[in-house]
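What follows is a single structure, written as structure tokens, with notes after it.
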There are 2 protein chains.
Amino acid sequence: MTSQCLFCRIAAGDIPSNKVYSDDDVYAFRDINPAAPQHILVIPRKHLSSLNDAGPEDQALMGKLLLSARSIAQELGFADDGFRTVINTGEHGGQTVFHIHVHVLSGRHLSWPPG
Amino acid sequence: MTSQCLFCRIAAGDIPSNKVYSDDDVYAFRDINPAAPQHILVIPRKHLSSLNDAGPEDQALMGKLLLSARSIAQELGFADDGFRTVINTGEHGGQTVFHIHVHVLSGRHLSWPPG
């Protein structure tokens, strides 16, 4: 937990969010600026500023982020229609909040290229 | 390994590809239809048709896909500039090959929304 980090504070409940899932490792909530009818952010409670900062010790946690994205898609009923998961890392990736997060987008056909 | 699966055959070396990384679990190669100056696909050797088919037993493997994406970005020299990782699942996600794969894109600023 980094007290200055927006997403650490959201996961801790210090800043309100539209929660869709929570457990000891992971917190998920709706993006306040949705880019699709369904747009959820899945974040680890552990502060990692980006995928560049994830080490071998974070392998299980990274896997859990993806499995949580899948579970949330099933829970919210859009897994069968399909969805896109996106992680932005650094400037070229378009990262804006420096706490790693998986975007889960659905509810429309996501086009190609992905940005 | 599914003999009819394009990506299983690529990982097995039966179909040529422009390999960038390989180990016992993961194979990575350049997309033949790049959507960015750097566009790599990271796939597990295990056949999983999509993220929807990944179960709890695949958590470590899913984590390894993301850590491999990061390692490849570092190895190829674009980690610091940044990159975007994308997994398409099903129709709304725009999935075209039904063997799970992580797109790793860099070499330009990836815009928003991601498709």
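Using a Förster distance of 30 angstrom, determine the FRET efficiency expected from the C-beta separation of A:CYS5 and B:ASP23, and round it to 0.05.
Plugging the Cβ-Cβ distance into 1/(1 + (r/R0)^6) gives 0.35.
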- line: Rounded to one decimal in Å, the inverse mean reciprocal Cα-Cα distance for region B:6-88, i.e. its Kirkwood radius, is 13.4 Å
message: Defining the label point at 7 Å along Cα→Cβ, can you sort the distances from A:ARG9 to the same site in each other copy, shortest first, in nm?
response: 5.4
message: Once the label point is set 7 Å along the Cα-to-beta-carbon vector, what list of distances in nm do you get between A:PRO56 and its counterparts in the other copies?
response: 2.6
query: Over all distinct Cα pairs, what is the inverse of the mean 1/r for the protein assembly as shown, reported as the Kirkwood hydrodynamic radius in Å?
result: 17.4 Å
Exam field: B:GLY107 pseudo-label spacings to other copies (7 Å along Cα-Cβ), nanometres: 3.4
task: For chain A, find the longest principal axis of its Cα atoms and tell me its angle to the long axis of helix A:59-75, 0 to 90°, nearest 10.
output: 40 degrees
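No value in this document is a laboratory result; all are computed from the given coordinates. Treat the numbers as computed from the prediction; the structure is a model and nothing was measured. Glycine also receives a Cβ, built like all others from the backbone with ideal geometry; neighbour counts cover every protein chain displayed.
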